[in-house]
Amino acid sequence: GTQSIKMVVGELKGDEKPAAVTTRAAPPAPGVQATFEDLVGFVLAPIDAVKRHLYGLPNSRQGLVATAVKAGSDDYNRGLIAGMVASEVNEQPVRSLSAALALVHAARQTGRPAVLFRVVDSSGSRYLAVRFAGEQAPGDG
């Protein structure tokens with residue numbers, strides 16, 4: 001399957017500076033696709049030879065590897081760390097970032113408060129329900 005991405009490319013003139021990057025989760029502007037990190041607080045990447053070596057992943061391990069987890073995010077608090085592999089999103093096997101992102105967006109659009117990831121590490125696999133950034137757990141005040 002192919003995926004179309006709309007983007008606007010501009011040029012900075014003279015002494016213009018790029019917009020400051022903030023770590024506070026803000027809803028994306030209308031029409032702008034939120035990134036994986038915006039939605040769930042961590043970054044996934046395809047597994048390549050470099051990442052297999054870096055995280056010690058066996059050749060049999062399939063899916064997307066977590067490369068960054070935002071401290072204090074729901075997934076961080078649930079034990080997700082860089083090097084874990086997400087093999088499924090909402091019980092659908094994922095091999096590409098676009099497929100994973102589409103499943104996360106679909107879950108968000110249906111009003112779910114969380115998305116279910118099957119994560120695999122050296123101790124085995126387990127399911128991790130990760131709340132969307134900005135969602136509060138019951139009793140979080």
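The values are calculated or read from the model by the stated rules, or taken from the named source; none is laboratory data. If you're wondering where the values come from, they're calculated on a predicted model, not measured in any experiment. Each accessible area value is taken on the protein alone, full model and side chains, heavy atoms only, with ligands, DNA and RNA left out. Shrake-Rupley method; radii C 1.70, N 1.55, O 1.52, S 1.80 Å.
Below, the figures for the structure above:
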| quantity | calculated |
| --- | --- |
| Largest-first ordering by accessible area, 1.4 Å probe, given options 126, 131, 95 | 95, 126, 131 |
| Calculated diffusion of region 63-138, Stokes-Einstein form, Kirkwood radius summed over Cα pairs, 4 °C and 1.567 mPa s, µm²/s | 103 µm²/s |
